[in-house]
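Report on one structure; see the data block that follows.
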Amino acid sequence: ISDPACIVFTSGSTGTPKGVIWTHGTLLNDAYAGAERMHFGPGDRVALVLPYSFAAGLTVVVFGLLNGAGVYAYDPRALGIRGLPDWIESQNLTTLHTTPSLLRSLTGALADGQRLGRLRLLTTCGEAVYGRDIQAVRPHLPSDCTYVNWSGASEIASLAFREFPPGEPIPDGVLPAGRPAAGKEVTVAREDGSPAPG
């Protein structure tokens, strides 16, 4: 479980990109977190629209395949955003995982009244997401679709999930990261590095 499974590279947002070793345990923990918090399972048809060379894209593959779901790939960079809504529908996809930027582009590509009728789950990751992003796409989602703000980093894989079930109001501003994922512990530290009281 502690043997290396792959190397993922950080974005370089804090300096030079660096390689991070993910172990088999990292992948298994993420698969478990996906099943526990987002209910991935054999009936799912998972949309892979993030590059699988990106840590989140690799995690989407893990969420799907290690929980018995099908994974279906579409590269919006090569195929364009305009065809994405029809592809989601034609493949009968049940889950979609994007960055907030990609979600904004997808929302802009949807026609008035067009629905992504079979999605039960929509997630975003990779950057801050705003309430307005989810408020804009909700009219295009089925009434029973859950939105999840999924956060993490290349160094730690999935960190936290904040579920917004159908009908729960989406707050304005930056959406919260949520509760820690399975197998993760979060400590809030003071400026001097000592743990802040819980």
So the carbon and sulfur contribution to the accessible area of the chain, 1.4 Å probe, in percent, is 55 percent
The simple spin-label model distance between L65 and K18, using points 7 Å out along Cα→Cβ, in nm, is 2.8 nm
Taking a probe of 1.4 Å and leaving out DNA, RNA and ligands, the chain shows per residue an accessible area in Å² of 50 Å²
Averaging 1/r across every pair of distinct alpha carbons in segment 42-81 and inverting yields a Kirkwood hydrodynamic radius, in angstrom, of 10.2 Å
Rounded to the nearest 10 degrees, the helix 55-65 long axis (Cα) sits at an angle to the longest Cα principal axis of the chain of 70 degrees
To the nearest 10 degrees, the tilt of helix 24-38 (Cα long axis) against the first principal axis of the alpha carbons of the chain is 50 degrees
In the list (i) 17.5; (ii) 16.6; (iii) 18.4, the entry giving Kirkwood radius over Cα pairs in Å computed from the coordinates is (i)
The farthest towards the positive end of the charge dipole of the chain, of the residues I1, G152, G57, given +1 on Cβ of Lys and Arg and -1 on Cβ of Asp and Glu, is G57
Which residues qualify? For C6, with a placed amide H closer than 5 Å and at least 5 residues away or on another chain, they are W22
Measuring from the longest principal axis of the C-alpha atoms of the chain, the long axis of helix 100-109 (C-alpha) lies at a number of degrees, nearest 10, equal to 0 degrees
The extension gain from D86 to Q114, computed as 0.36 nm times the residue separation minus the Cα-Cα distance, is 9.1 nm
Given backbone amide H placed at 1.01 Å from N, residues whose amide H is under 5 Å from that of T123, ignoring those fewer than 5 places away on the same chain, are L96, H97, T98, V148
Treating only Lys and Arg (+1) and Asp and Glu (-1) as charged, each at its beta carbon, one finds that the chain has a dipole about its Cα centre, in Debye to the nearest 20, of 280 debye
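The values are calculated or read from the model by the stated rules, or taken from the named source; none is laboratory data. Quantities reported herein were computed from a predicted structural model and do not represent experimental measurements. Using ideal geometry, Cβ is built from the backbone for each residue, glycine included, and neighbour counts are taken over all protein chains shown. Surface accessibility is based on the protein's heavy atoms, side chains included, excluding ligands, DNA and RNA. Shrake-Rupley method; radii C 1.70, N 1.55, O 1.52, S 1.80 Å.
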